[in-house]
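Note sheet for the following structure.
The values are calculated or read from the model by the stated rules, or taken from the named source; none is laboratory data. No experiment lies behind these values; they were computed from the predicted model shown. So basically every Cβ, Gly included, is an ideal-geometry build from the backbone, and we count neighbours across all protein chains shown.
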Amino acid sequence: MTTYYTEDHEWIRVEDGIGTVGITKYATDQLGDVVYVDVPEDGTFAKGDDVAVVESTKAASDVYAPVSGDLVERNNALVAEDEGGEGKPETVNEDPTGAGWFCKIKLSDTGELDGLMDEAAYKEFCEGL
Amino acid sequence: MADTEPQALKRTPLYDLHVDLGARIVPFAGYEMPVQFEGVKAEHLWTRTHAGLFDVSHMGPCFLFLKEGLGEAGAHEKISAALERLVPSDIAALKPGQGRLTVLLNQEGGILDDLIVTRMPGEGLDGMLYIVVNGAVKQEDWALFEQELSDVAMLQRADDRILVALQGPDAEAVIAPHFLEAADLKFMRCAYIQKDGEKYMVSRCGYTGEDGFELLLPNNEAGIGLVKMLLADERVKPIGLGARDSLRLEAGLCLYGHDMDTTRDPVEADLSWVIQKSRRARADFSGAERIMSALENGPAEKRVGIQPLQSAPAREGTEIHLNGERVGVITSGGVGPSVERPIAMGYVRADLAEAGTSLDLMVRGKARPAEVATLPFIQPNYKR
């Protein structure tokens, strides 16, 4: 199980062809308090498509699909109660790389992972920002 | 990356203090300003329950005073007559130490800025007004004052000093030991205090919906020392621009450049209350034709509060629809930490401006139900 990172501060943890997607602590530190998360229940996404929206107190930001594939599960904990979720978007701040995951994508091309950074490369990338 | 060469950013006298306090700094109105310290939500809630200290030194405090005859009989009327060429409010009616919100108008009646104008209190200061304009447009405002009023008035900029706001239910108790006079002030009244050879302006006002004060302090050890003393009080925390924005939105207050600009007149901005009866009777202000017509016949659009009925916040620029037709636009929106729900304000067609009117907000291409809401979203706590 390996975690990969994008330059837009998404992470994807891949196991058995399914990637769990979220945003990094660097991203949540920049965003501040997350107050609303919009993730679809399903859909097919190309690498780089908007797959979710995360809103902080001040602004709305897109979350991009790090890889292409079918969205097979969303994290209902983050989703508003009137949209079928549990209404706990603050989970993204509390545990961005764990319980604050956004969705799971069944990869259509595992080769796309080669274009992403590993943890060491991402750490170096952030230090250069 | 910005596509234009960035202008050199300025720093307020409190910049080093912000950095020491762990602020995240962002460019704002030409300055490097703290957007947050511990976090927007926590800072917002602290201000509503205790007291928050805001650095607003990027704004444009200034003094406008008569070239001749300062302190003489009729001096206030003279300086008021000059400023009233540019604003539609009754400045002459201000009592010593009284302030009021007004707007700077262009020839078409569009809003160039909103500002607080205060008649200086105390002996010998009649003929001098204390004015605070917005940071983003202060140079333009001051150029206009100098261009239009230089026959009778002089302008003294005071944006090299420290301007801070202390806001929240504990503000009075916190400030009282430092300025005894402050506790007795009512909302929109100010005191001019001379202490240890330094001059301080203390005004009971702010932009959060809470009771509180704005303090114009000298840019020296005395001024910075006072800010540090206020922050040393356990009831006070430093607050960034992020929470300032969510606090003022809950309080239903306009942000210049967003909720009003040169395309909007005061009537459609729902600020017709800044035009007192005496000025309406004279109809002698810039853009009077358009504004008097809007007062009599109603404006085409009107600024209103908007309550989204679902969880999705509606941000600035979100279109407002009714039956698939565009009827307005959101100018400020987010989630109110105190009301714990999304809130917004914007402009709608005037026939749809009544509270309770159902509308749709087009959030990311999807119509979301909303209704027109009465402003403010919170009960203000001003000391009347």
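For this structure, a couple of remarks:
- Subset of segment B:72-119 [basic (Lys, Arg), more than 22 Å from B:Arg290 (Cβ to Cβ) and part of a loop (DSSP other than H, G, I, E, B)]: B:Lys95
- Test: residue in segment B:63-71 that is in a strand (DSSP E or B) and either under 30 Å from A:Thr57 (Cβ atoms) or within 14 Å of chain A (Cβ to nearest Cβ) (or both): no
- Residue in segment B:29-41 that is surrounded by fewer than 23 Cβ atoms within 10 Å (Cβ to Cβ), within 14 Å of chain A (Cβ to nearest Cβ), out of contact with any strand residue (DSSP E or B) (no Cβ under 9 Å at 6 or more places or on another chain) and among the hydrophobic types (A, V, I, L, M, F, W, C) present: no
- B:Asp265 vs. criteria at positive phi and more than 14 Å from chain A (Cβ to nearest Cβ): no
- Residue match in segment B:346-360 (condition: charged (D, E, K, R), within 14 Å of chain A (Cβ to nearest Cβ) and under 30 Å from A:Leu31 (Cβ atoms)): no
- Qualifying residue in segment A:91-112 (condition: without any contact (Cβ under 8 Å) to a residue 40 or more places away in the chain, among the hydrophobic types (A, V, I, L, M, F, W, C) and touching a Gly at 6+ places or on another chain (Cβ under 6 Å)): no
- Taking every residue in segment A:64-89 that is at positive phi and pairing it with any residue that is crowded, with 21+ Cβ neighbours inside 10 Å, at least 6 positions away or on another chain, the pairs with Cβ-Cβ distances below 6 Å are A:Gly69/A:Ile105.
- Subset of segment A:80-97 that is more than 9 Å from chain B (Cβ to nearest Cβ) and part of a helix (DSSP H, G or I) - its residue that is farthest from B:Arg368 (Cα to Cα): A:Glu94
- Residue that is nearest to the chain's Cα centre (by Cα) [pool: residues in segment B:173-205 that are crowded, with 19+ Cβ neighbours inside 10 Å and among the charged types (D, E, K, R)]: B:Arg204
- Residues that are in a loop (DSSP other than H, G, I, E, B), within 9 Å of chain B (Cβ to nearest Cβ) and under 20 Å from A:Thr6 (Cα atoms), drawn from segment A:20-62: A:Gly32
- Residues in segment B:68-91 that are under 21 Å from the mean Cα position of the chain (by Cα) and hydrophobic (A, V, I, L, M, F, W, C): 4 in all.
- Comparison of B:Arg341, B:Arg368, B:Arg384, B:Arg349 shows that the only residue that is without any contact (Cβ under 8 Å) to a residue 40 or more places away in the chain and either surrounded by fewer than 19 Cβ atoms within 10 Å (Cβ to Cβ) or within 19 Å of B:Ala312 (Cα to Cα) (or both) is B:Arg341.
- Taken over segment A:1-19, residues that are within 29 Å of B:Arg341 (Cα to Cα) and outside any strand (DSSP E or B) amount to 2.
- Within segment B:361-374, considering residues that are within 14 Å of chain A (Cβ to nearest Cβ) and assigned to a loop (DSSP other than H, G, I, E, B), the one farthest from B:Val40 (Cα to Cα): B:Gly365
- When B:Thr47, B:Thr12 are screened for being among the polar types (S, T, N, Q), within 14 Å of chain A (Cβ to nearest Cβ) and either within 24 Å of B:Ala158 (Cβ to Cβ) or outside any loop (DSSP other than H, G, I, E, B) (or both), only B:Thr47 passes.
- Considering residues of segment B:71-86 that are closer than 13 Å to B:Arg279 by Cβ and touching a helix residue (DSSP H, G or I) at 6+ places or on another chain (Cβ under 8 Å) only, the residue surrounded by the fewest Cβ atoms within 10 Å (Cβ to Cβ): B:Arg85
- A:Glu83 meets the stated requirement of being at pLDDT below 95 and either of a type in the set (A, V, I, L, M) or under 30 Å from B:Pro337 (Cα atoms) (or both).
- Residues of segment B:308-332 satisfying the condition of being away from every other protein chain (no Cβ under 14 Å) and either out of contact with any helix residue (DSSP H, G or I) (no Cβ under 9 Å at 6 or more places or on another chain) or not small (Gly, Ala, Ser) (or both): B:Glu319, B:Ile320, B:His321, B:Leu322, B:Asn323, B:Gly324, B:Glu325, B:Arg326, B:Val327, B:Val329, B:Thr331
- Output for segment B:55-98, where each listed residue is touching a residue at least 40 places away in the same chain (Cβ under 8 Å), touching a Ser or Thr at 6+ places or on another chain (Cβ under 8 Å) and not small (Gly, Ala, Ser): B:Asp55, B:His58, B:Arg85, B:Leu86, B:Val87, B:Pro88, B:Asp90, B:Gln98
- Count - residues of segment A:20-60 that are of a type in the set (D, E, K, R), without any contact (Cβ under 8 Å) to a residue 24 or more places away in the chain and over 21 Å from B:Gly333 (Cβ atoms): 2
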